Amino acid sequence: MKAIYGLYPDGQSAQQVVNRLRAAGLTDREITVCSSQPMEHYEFGQMDRATWIWWIACGGGLIGMASALGLSWLTETTWPIDVGGLPAFAWWPNLIITFELTMLGAIIATVVTLVITARLGRGGGLYDPEVTEGKILVGVENPSESAAPALEAALRAVDVGEVRTIGES
Amino acid sequence: MAADLDRCTGCGACVTACHAENNISTVGADQAARGRAKHWIRVERYWEGEFPDVQLKFRPVMCQQCDNAPCEPVCPTYASHHTPDGLNAQVYNRCIGTRYCANACPYNVRFFDFFNPSWDKPLHLQLNPDVSLREVGVMEKCTFCVQRIKSAQIQAKAEDRKLADGEVQPSCAQACPAKALVFGDLDDPESAVSRLTRSPRGSKLLEDVGTRPNVAYLSRQTEV
Amino acid sequence: MSALASRRITDDLVRPLTRTSWRFYLLVALFGGIVATAATAWLSQAYFGFGVTGIRWPVYWGFYVTSFVFWIGISHAGTLISAILRLVNAGWRRPVTRCAEVITVFALMIGALFPIIHLGRPWLAFWLFPYPSERLIWPNFRSPLVWDFFAINTYLTGSVLFLLLPMIPDFAVVRDRSTGLRHRVYKALALGWRGTPRQWHRLESAMHIMAIAILPVAVSVHTIVSFDFSMAPVPMWQSTIFGPYFVAGAIFSGIAALIIAMAVLRRFLHLQDYLLPLHFENLGKLLLVMALLWGYFVFNERLVTYYGNGPAEMAVFWRTQRESFAPLYWTMVICNFVAPLVLMGIRRLRTITGTVIASLGVIVGMWLERFLIIVPSLGHKYLPNSYGIYRPQPVEIIVAFSTFAAMALLYVLFAKFVPIISIWELKSGPQTPASGVADASHGAVSTAVRGAQP
């Protein structure tokens with residue numbers, strides 16, 4: 001993978017670089033930002049915010065609820081066994097199983113969604129171990145040949161950064 | 001079942017007969033002292049009063065086959081459930097030994113197999129082939145000799161007739177010399193047990209706990 | 001946060017992973033030995049028969065179920081600290097969340113073993129799982145023990161995931177700082193984490209959802225455990241207050257366990273700059289509140305029983321308060337109520353040492369409370385002829401108390417392989433005095449405007 005990126009010591013310089021890259025004609029999708037903490041207070045930290053995860057969690061919960069109700073209703077009515085004179089299908093006790101499986105459904109749906117949408121488990125992507133030391137990485141993967149010098153200029157425009165490249169050039 | 005406390009002499013023949021009929025092993029004096037004896041029917045002995053006006057009361061207690069059995073809803077594997085005949089069934093194969101049923105039983109008539117049962121030879125020849133042996137880790141209790149009930153039912157069906165009152169006798173009722181234990185069909189209002197249950201001397205054990213037991217205890221209420 | 005402070009935090013928190021002293025091996029050997037002894041003891045029970053325990057007619061539940069309820073109770077530590085404090089955004093929680101969540105997960109694992117340990121036929125425990133069997137029989141969904149199965153599994157799954165999710169960025173930290181085998185292992189564990197805004201958003205949303213989901217599950221779990229008792233007509237068990245009573249007791253014991261764990265970590269891993277007296281003081285205040293709440297519930301339960309004056313109930317009542325169980329009962333009251341009130345109520349005593357002493361007392365007291373709920377009632381039900389006295393045998397004692405060694409072992413191993421304080425969460429919060437000057441720009445909302453700024 002070919003890439004060009006800069007490492008910046010704080011959020012403000014990273015924000016300036018992101019603005020410059022946007023001025024150079026890049027969309028948000030083409031800009032890669034990596035940080036060791038969520039940079040919620042900066043505008044660039046708000047990229048890619050929209051998520052369906054809340055709805056999916058609710059959906060998972062509904063699936064859990066349906067399976068619990070189905071399991072208890074089907075098994076208790078198909079093979080009714082008299083215990084203590086209680087009715088074969090009483091909603092009070094089955095409510096507990098329903099609740100537990102609803103929450104389990106929501107939890108699992110959340111985690112699965114996280115793994116998929118955060119693209120966890122899939123390697124690759126632009127990264128530098130310096131990010132762990134507190135630097136913020138702002139860069140571009142696979143820049144087109146013509147745009148590369150302009151991008152490099154944008155990255156170097158902020159003095160405190162350190163610009164690096166990866167790959168064949 | 002009806003148990004007439006005015007007739008019971010506390011002899012314990014019912015206990016012995018039950019052990020013999022249902023393949024209940026004895027556990028030895030040591031284990032019995034540690035509370036591991038499995039007396040599906042036990043004779044409770046109570047002393048009342050101060051010397052010299054002491055009175056001895058006996059009460060045979062077995063599984064009350066409750067209509068509202070607290071031992072049934074709590075079993076996680078349905079090993080304890082109610083049969084259409086009105087008996088509380090204990091399915092040994094299904095029991096995983098959580099012992100919740102025994103805790104729930106207010107009468108403490110459920111027993112746990114703490115060890116694999118063993119009979120010294122040649123006592124093993126005395127075992128009843130109609131009753132399964134229970135392995136370590138399962139719960140067991142009085143079944144009203146369900147093997148006798150079932151075999152009588154099958155016999156009656158084969159002969160295309162109904163069961164007569166008194167035809168089925170659990171081993172405890174059969175062994176009692178004072179005829180204190182009476183077994184029968186409570187759905188039949190004319191059976192001996194139904195009549196005894198309606199007797200003014202009759203009461204149920206621990207009725208206020210709400211288990212709706214099916215064993216009536218008869219005793220004269222004496223003036224103190 | 002200045003780069004130096006940031007690096008120092010990372011250094012301090014990653015150092016326990018890279019530097020191993022002989023003490024680590026000694027602890028692992030010691031605790032591992034105790035756990036191995038307990039495993040042998042339990043296997044001997046499975047082999048020789050359940051009779052090697054002290055369980056008897058009519059006291060069919062003893063040390064094992066006590067331990068079960070106790071450890072499930074301890075597991076509520078993490079949920080309270082991690083989930084509740086996360087939802088109300090209490091900043092002081094940051095160094096504490098992972099310690100707490102670890103307690104939750106391991107306490108749950110240990111607690112969840114006991115329903116299998118105390119079974120008469122443990123090899124058939126899988127029948128609690130709803131699967132279509134050839135016998136066309138399913139578990140009894142109306143049984144509290146099946147509710148236990150579902151609840152504990154849901155809570156365990158949720159807690160494990162709740163613990164694992166924020167560990168991913170920290171695995172990335174260790175990955176970036178290590179080489180060789182350690183680098184490869186942590187690279188796999190970090191799942192390719194890069195720290196893009198997209199990943200951070202998803203992670204934080206997921207954490208938020210999990211925190212909201214795990215709270216009702218935690219409340220339900222210990223309520224369902226309490227249903228193991230209140231669904232049976234045993235004197236002093238059939239109480240409607242058991243649900244909230246047990247949950248309050250669980251949170252109480254959980255906080256105590258957390259305080260002890262934190263104090264130990266602070267000493268052994270040299271985290272004096274991160275786990276501050278402030279944290280212990282806040283937790284100590286929580287401990288005080290929970291002690292008061294516990295006292296309130298016990299008072300409620302006993303007063304109502306006293307006024308009910310049922311003969312069987314009062315027999316059990318006096319058994320704990322005046323007769324054979326009185327020494328244990330009053331020890332419990334002192335450990336759970338008097339000592340925390342005194343030690344945590346007086347500000348001068350609310351030091352790290354003070355909170356640890358109070359917490360140790362609470363651990364003892366809460367274990368006794370579980371025991372005193374189970375055994376006196378079972379030994380003294382309705383028919384006097386069937387009363388019984390429970391005498392625990394070596395097998396049960398070893399297995400029940402080795403769980404503390406098991407917990408310690410798991411904790412020591414965890415602290416060796418994962419940073420015990422969440423590095424990224426610590427850095428994202430308001431700075432603690434020890435870690436450097438607060439970063440002025442951190443709290444400021446960015447005024448950067450999207451658009452060209454040459």
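The values are calculated or read from the model by the stated rules, or taken from the named source; none is laboratory data. Computed from a predicted structure; not experimentally measured. We place every Cβ from the backbone using ideal geometry, glycine too, and count neighbours over all the protein chains shown.
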Criterion: touching a helix residue (DSSP H, G or I) at 6+ places or on another chain (Cβ under 9 Å) and farther than 30 Å from C:Pro384 by Cβ - qualifying residue of C:Thr66, C:Thr10: C:Thr10
Only one of C:Ala213, C:Ala151 that is closer than 30 Å to B:Glu72 by Cβ, under 18 Å from the mean Cα position of the chain (by Cα) and within 9 Å of chain A (Cβ to nearest Cβ): C:Ala151
Residues of the range A:56-86 that turn out to be in a helix (DSSP H, G or I) and either touching a residue at least 12 places away in the same chain (Cβ under 8 Å) or crowded, with 16+ Cβ neighbours inside 10 Å (or both), as a count: 19
Answer from C:Arg175, C:Arg184 - the residue that is closer than 30 Å to A:Val18 by Cβ and free of Cβ contacts under 8 Å to residues at least 60 places away in the same chain: C:Arg175
Within the range B:159-191, tally of residues that are under 15 Å from B:Ala3 (Cα atoms), without any contact (Cβ under 8 Å) to a residue 60 or more places away in the chain and more than 14 Å from the chain's Cα centre (by Cα): 3
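Yes or no, residue by residue, for (1) aromatic (Phe, Trp, Tyr); (2) in a loop (DSSP other than H, G, I, E, B); (3) over 20 Å from B:Gly97 (Cα atoms):
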residue: C:Arg86; (1), (2), (3): no, no, yes
residue: C:Thr104; (1), (2), (3): no, no, yes
residue: C:Ala112; (1), (2), (3): no, no, no
residue: C:Pro132; (1), (2), (3): no, yes, yes
residue: C:Leu145; (1), (2), (3): no, no, no
Residue match in the range B:72-92 (condition: hydroxyl-bearing (Ser, Thr, Tyr), in contact with a strand residue (DSSP E or B) (Cβ under 6 Å, 6 or more places away or on another chain) and surrounded by fewer than 23 Cβ atoms within 10 Å (Cβ to Cβ)): yes
The range C:375-389 residues that are facing chain B (nearest Cβ under 7 Å), paired with ones that are crowded, with 24+ Cβ neighbours inside 10 Å and not in a loop (DSSP other than H, G, I, E, B) (beta carbon under 7 Å, 6 or more apart): C:Leu378/B:Asn103
Candidate set from the range B:93-102 (those that are touching a strand residue (DSSP E or B) at 6+ places or on another chain (Cβ under 9 Å) and in contact (Cβ under 8 Å) with a residue 40 or more places away in the chain); member that is surrounded by the most Cβ atoms within 10 Å (Cβ to Cβ): B:Cys95
Residues satisfying the stated conditions in the range A:19-36, i.e. more than 7 Å from every other protein chain (Cβ to nearest Cβ), under 20 Å from the mean Cα position of the chain (by Cα) and in contact (Cβ under 8 Å) with a residue 60 or more places away in the chain: A:Glu30, A:Ile31
The range A:1-24: number of residues that are outside any helix (DSSP H, G or I), of a type outside the set (Gly, Ala, Ser) and over 15 Å from A:Val131 (Cβ atoms): 3
Test: residue in the range C:91-99 that is modelled with pLDDT of 90 or more and in contact with a Ser or Thr (Cβ under 8 Å, 6 or more places away or on another chain): no
Residue in the range B:67-89 that is hydrophobic (A, V, I, L, M, F, W, C) and more than 17 Å from A:Val83 (Cβ to Cβ) present: no
